[in-house]
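Asker: Questions regarding the structure given below will be posed in turn.
Nothing in this text is a laboratory measurement; each read-out follows from the coordinates by a stated rule. Treat the numbers as computed from the prediction; the structure is a model and nothing was measured. Ideal geometry is used to build each Cβ from the backbone, glycine not excepted, and the neighbour counts take in all protein chains shown.
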Amino acid sequence: MKFDPMVPIWLQVATALKQEIVTGYLPPGGKMPGGRDLALQYGINPNTAARIYQELEREGLCATRRGMGTYVTEDTERIQRLRTEMARAAMDRFLSDLRGLGLSGAEAVQLLETEVQNHAEE
Amino acid sequence: MLKSEDIVRRFGAKTAVDHVTLSLEAGHVYAMLGPNGSGKTTWMKMAAALMKPTEGRMLFQGAPVSVESRRHVAYMSTEPYFYSWMTVRDAGRYYDDFFEDFSMSHYEELLRDMELEMSMKTRTLSSGMAAKLKIALTLARDAQVYMLDEPFNGIDLLARDQIRACILREATPEKLLLLSSHLVEEMEAIADRAVFIRQGKLIEVCDLEQLREQRQQSMADRYREIYGHAEVAQ
Amino acid sequence: MKALLKYEFRKTWFAKLIFLGITAVAEIAFLIGIALGPAHETGERLVTIGALVLFMVAMFGVFIIGVQSVLTLHRDMNTKQGYMLYMTPRTSYQILGAKTLENGLSILLSGAFFFLLGFLDITLLFSRFGTLQQLWDFFQDMLHAINKEITLNTQTILCLTVSFLASWLATVSMAYLADILSSALLNGKRFNGIITFLIFILLSVLLGWLQDVLQPARVAIDAGLLIRGGVSLAFSVLLYCASAWIMDRYLSV
């Protein structure tokens, strides 16, 4: 994974993990890599890796069972909510980009619909 | 774990390290930064008990560093230093003879990672391979402190990932790692703290994630800010 | 200490192996010559050449072992190779001690080896070449005529050898100290080389003076030689302590 060194690294890895949870690559109740393994896997400092789990736990996305490791939450509703949060965030970025190009909300929706159709035809 | 108290080192009229008080804790990977000649190597050599300070004290776990502390402090110098008759195996045996914490099996693993052979002659190694050998020898020790002076020097882009992985494997809560490199970007993700030194003086010690969160700055950005564009290393 | 000694030996074994090889070849030539006997022309020639080479190797060997040891120390202090020693958890006293011990043992053992070999070879030579024994006796008588005290027997030669080896060891120790002083304190200063050399000369003069002062006025030749050897050895120990102390305080890689 290539990092943007100006953005907190824990945030970048946490986002990547959230994506894995949302897509089911890390299934509900599934075991997550240990802190050290996560550090080695992403090539990041172990303290940063620990911070990521703290953050994900705080958000209720995973839980650490003493002596067992960290597991993805079994609360599928929470995962569903995460998906919505992430989609919203992506949407925000999308809309603010278009606004930056001077497009109105209605124009943006129209453009989006056309693009979705184009994608479907491909 | 490693601490310098108002330490000074002079070479004749030149002051290489100028009243540096610095305390490094276990469980962290520190990046020591500064342009060439800013005193990083001199500070490390004093911490490795290879050089005596002109003034001040260098402490390892509360006691002044000495021959004794070398048992627990692994230092890797920038330059290769092997005897010309040595093979990679001989170099390992040498460490095995002198350091109780050296593990031959760990050494073998590291050599595999670094794609080095036991039978290679140290004299004929390319500079990149010699650099890898130094790292393998140093990390094969189960020390409490590892100080690597320019571990990425001479190592090509592809092998740097390997080196970073090997370094990270040693980064446990009980250990202290101190890396110096002018390849600042190579250390962004593996270090969690940075020590900035300029002209022998300590400028600051900062937490890298905090730097990114609070100032939206990378370690390289901070480096540029401190040393100015003229001095930014290649 | 064992590990340090092992690697000090490892640094110098090659030269020693070469000397051992030459010694073996010369000794074989000598023995073949002895076996052929005095009547045989080739035999006589082999004995002469063999003996000559053996004598040269004995002198040069002991000399070069010392010189090589000084050169190794110089390299260990002035090149990056020094890390190999100074990064280890060993004190300057141990590091220099291993060097001194390795060198001292090498000099004394090779001295003893060549003395024994010479003794055996000469005994063998006299038993086969009777005329040489007569020549030797004549030489002895002549010496005795010059000075009543001198009788060149095995004991005197042994004392002479011991005294020579000890003073050579002291010389090497002086070179150590001079070199360490120059690396640790004078490095980069002007006239570094000349000052180092002067220190060496000064130490030699000091040793000579000490030997003269400490030797009692009326003493047998053998005892006198042994006293001089003893002074050399004691002086070497002092030099070692001073060198290690300087190394410990002032030397850095």
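Asker: For segment C:103-108, just list the computed ³J(HN,Hα) in residue order, Karplus coefficients 6.51, -1.76 and 1.60, θ = phi - 60°, integers in Hz, with x standing in for Gly and Pro.
Answerer: 5, x, 5, 4, 5, 5
Asker: While we're looking at this one, here's another question. What is the angle, in °, between the Cα long axis of helix B:157-170 and the longest principal axis of the Cα atoms in chain B? Nearest 10 is fine, range 0 to 90.
Answerer: The answer is roughly 90 degrees.
Asker: Given labels modelled 7 Å from the Cα in the Cβ direction, how far is it in nm from C:ASN187 to B:THR21?
Answerer: Computed distance between label sites C:ASN187 and B:THR21 equals 3.1 nm.
Asker: Tell me what chain C gives for mean residue ellipticity at 222 nm when only DSSP H runs of n ≥ 4 count, each as -39,500 (n - 2.57), the sum divided by the residue total, rounded to 500 deg cm²/dmol.
Answerer: -30000 deg cm²/dmol
Asker: Springs between alpha-carbon atoms under 10 Å, Gaussian network over chain C: tell me which of C:GLU27, C:GLU102, C:GLU41 tops the mean-square fluctuations.
Answerer: In this elastic network of chain C, the residue with the biggest mean-square fluctuation among C:GLU27, C:GLU102, C:GLU41 is C:GLU41.
Asker: On to the next question. Can you pull out the chymotrypsin sites (Phe, Trp or Tyr not before Pro) in segment A:13-122 whose DSSP state is coil and whose Cβ has at most 12 other Cβ atoms within 10 Å?
Answerer: Passing sites in segment A:13-122 are A:TYR25.
Asker: Taking the alpha-carbon centroid of each part, what is the distance from segment A:38-56 to segment B:104-134 in angstrom?
Answerer: Rounded to whole Å, the Cα centres lie 29 Å apart.
Asker: Counting helices only, and only those DSSP H runs with n ≥ 4, report the 222 nm mean residue ellipticity of chain B as the sum of -39,500 (n - 2.57) divided by its residues, in deg cm²/dmol to the nearest 500.
Answerer: -9500 deg cm²/dmol
Asker: Under a GNM of chain C (C-alpha, springs under 10 Å), which listed residue has the highest mean-square fluctuation: C:PHE129, C:PHE113, C:PHE139?
Answerer: C:PHE139
Asker: For the pairs B:LYS14/B:LYS132; B:LYS40/C:LYS99; A:LYS18/B:LYS132; B:LYS45/C:LYS16; A:LYS2/B:LYS40, note any where the Cα-Cα span goes beyond 30 Å.
Answerer: Result: B:LYS14/B:LYS132; B:LYS40/C:LYS99; A:LYS18/B:LYS132; B:LYS45/C:LYS16 exceed 30 Å.
Asker: What is the helix-to-structure angle for C:41-78, meaning the angle in degrees between its Cα long axis and the longest Cα principal axis of chain C, kept from 0 to 90 and rounded to the nearest 10?
Answerer: 10 degrees
Asker: What fraction of the DSSP beta bridges in segment B:2-231 is antiparallel, stated in percent and rounded to the nearest 5?
Answerer: In segment B:2-231, approximately 55 percent of DSSP beta bridges are antiparallel ones.
Asker: Okay, next question. Restricting to DSSP loop positions (anything but H, G, I, E, B) with no more than 16 other Cβ atoms inside 10 Å of their own Cβ, which trypsin sites (Lys or Arg not before Pro) remain in segment A:38-107?
Answerer: The qualifying sites are A:ARG66.
Asker: Now for a different question. Using a simple spin-label model with points 7 Å from Cα along the Cα→Cβ vector, what separation in nm is obtained for C:LEU202 and C:GLN140?
Answerer: Label at C:LEU202, label at C:GLN140, 4.8 nm between them.
Asker: If you don't mind, another one. Considering every residue in B:188-195, what mean count of other chain Cβ atoms within 10 Å of its Cβ is obtained?
Answerer: Mean partner-chain Cβ count within 10 Å for B:188-195: 5.
Asker: To continue, here is another question. Full extension from B:SER119 to B:GLN216: what is 0.36 nm times the residue separation minus their Cα-Cα distance, to one decimal in nm?
Answerer: 30.1 nm
Asker: Among C:THR171, C:THR131, C:THR161, which one moves the most in a GNM of chain C with springs linking Cα atoms closer than 10 Å?
Answerer: C:THR131
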